[in-house]
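Heads up, the thing below is written out as structure tokens.
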Amino acid sequence: MKIMSEGKPSPTQQLYERIAGYWTTQVIGTVARLGIADLLAAGARDSDSLAAELGVSPDALFRLMRGGITAGIFHSIADRTFALTPMGEGLRTGVPGSLREAAITQSDASHWRPWGHLPEAIRTGKSTVRTALGGDIWEHFARHPDEATHFAQAMGNLSALVASELTQLIDFAPFARVADIGGSHGALLAHVLRAQPSCRGILFDLPHVVEGAKSHLDAQGLTSRVDVVAGSFFEPGVPAAEAYLLKHILHDWDDAASTNILRQLHAAAPPGARLFVVEMVIPDNRHPDPSHLLDLNMLVLADGRERTRDEFHALLAATSWKVERILPTRSGSSIIEAVKA
């Protein structure tokens, strides 16, 4: 492939790098699974000693870590000796902004297999998860609890990225009860409650999900401040609250299903209740933006979609929620604040 002057890649080389992009995903995912970033947290190591500690092939690990240089997560300081780059630090466990679990999830079968059927999704306009996995993604996770664990932890880490900005941008003091709808293990709700001690929380999700949340709430000393409620946001029974959190829920569903969710919340909400929808907002359809690719991800995995500002306004207006403002965050998501009309 031809290289342009001054070492700049030619358009052909740039295209090939993108064609082979899944190689990079698997390199980063494998590094995350092996916990290599944690082993390098104290400083550079040679790949042979790492291989002995991990019980893997020395030659193969060296080649993996050399590939990690091109992936941007390692740099080499001597022959066969590697250290983390600032990007690679994000693969450590438990550090602020960690994406280790996200790297594992994105390189798991739950995600790459459905993407392998993208042409079918484009032909039909429907998710390819059942074709690729033999059931929907939640059924797949039920059969593969290890993948489910990584996915839940990845979602918790992503919640942490937006949580601090949410509490900086939104004053929850006026709300006696804050309900996290589809809140999984309560990572986002816990952050809100720690920031605003006067609030009580309601964690609402499917029965098997909230059962797993209790230990997380116990560990944070929040059990006495949170009412854990099991149910479906598609059915009557959503609890009443002065404020609702709906983080990365609507993008899982098409407009008909999203309309149903918003109507159930509206029916349960007292007058003047506030709704805080946390989602990516597609800025436009003409310039490059990560939300365009995430939109395809939602098509492939869940018959869902990302939406533009106008689409959010229309969706909420149709369910009697009035959008008051849309606040962008550094996490890539936006906070859409609406009030019960």
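The values are calculated or read from the model by the stated rules, or taken from the named source; none is laboratory data. In this text the structure is predicted, and so the values were computed from the model without any measurement. Positions of Cβ are backbone-derived with ideal geometry, glycine not excepted, and every protein chain shown enters the neighbour counts. Only protein heavy atoms, including side chains, enter the accessible area calculation; ligands, DNA and RNA are left aside. Shrake-Rupley method; radii C 1.70, N 1.55, O 1.52, S 1.80 Å.
Brief remarks on what is shown
- For the stretch 15-58, the square roots a ≥ b ≥ c of the C-alpha gyration tensor eigenvalues yield an a/c of 1.5 or more together with a/b exceeding b/c, which makes the shape prolate.
- Hydrodynamic radius (Kirkwood) for the stretch 80-171, which is based on Cα pairs only, to one decimal in Å: 15.3 Å
- Cα→Cβ-extended label distance, 7 Å offset, between ILE77 and VAL95, nm: 1.4 nm
- Note on the stretch 39-84: the alpha carbon radius of gyration divided by the globular reference 2.2 N^0.38 Å gives 1.01.
- Given LYS214/LYS340; LYS214/LYS247; LYS247/LYS340, the pairs whose alpha carbons are separated by over 23 Å: LYS214/LYS340
- Two-decimal log10 I(q)/I(0) for the stretch 5-110, as the Debye equation yields it once each C-alpha is a single scatterer, q = 0.16, 0.18 Å⁻¹: -0.72, -0.88
- Sequence-distant residues sharing a close amide H with LYS247 (under 5 Å, placed H): ILE181, VAL278
- In this label model, ALA318 and ARG286 are separated by 2.6 nm, measuring between points 7 Å along each Cα→Cβ vector.
- A Förster radius of 41 Å combined with the Cβ-Cβ distance from SER49 to THR223 puts the calculated FRET efficiency at roughly 0.40.
- Among the listed options (1) 76, 21, 17; (2) 52, 18, 17; (3) 38, 24, 19, the one matching semi-axes √(5λ) of the Cα gyration tensor in Å as calculated from these coordinates is (3).
- Cα-based equivalent ellipsoid, the stretch 195-341: semi-axes from gyration tensor eigenvalues, Å: 26, 18, 16
- Kyte-Doolittle at least 0.0, axis length at least 27 Å by Cα - qualifying DSSP helices, the chain: 145-169
- Here the stretch 87-229 is treated as an ellipsoid with the same Cα gyration tensor; its semi-axes, largest first and in whole Å, are 31, 18, 15.
- Net charge dipole size for the chain [Lys, Arg +1 and Asp, Glu -1 on Cβ; Debye, nearest 20]: 340 debye
- Residue-averaged [θ]222 nm for the chain, counting only DSSP H segments that reach four residues, each worth -39500 (n - 2.57): -14500 deg cm²/dmol
- Calculated FRET value between ARG130 and GLN14, using beta carbons and R₀ = 35 Å, to 0.05: 0.50
- Overall, the accessible surface of the chain at a probe of 1.4 angstrom is composed of carbon and sulfur to the extent of 56 percent.
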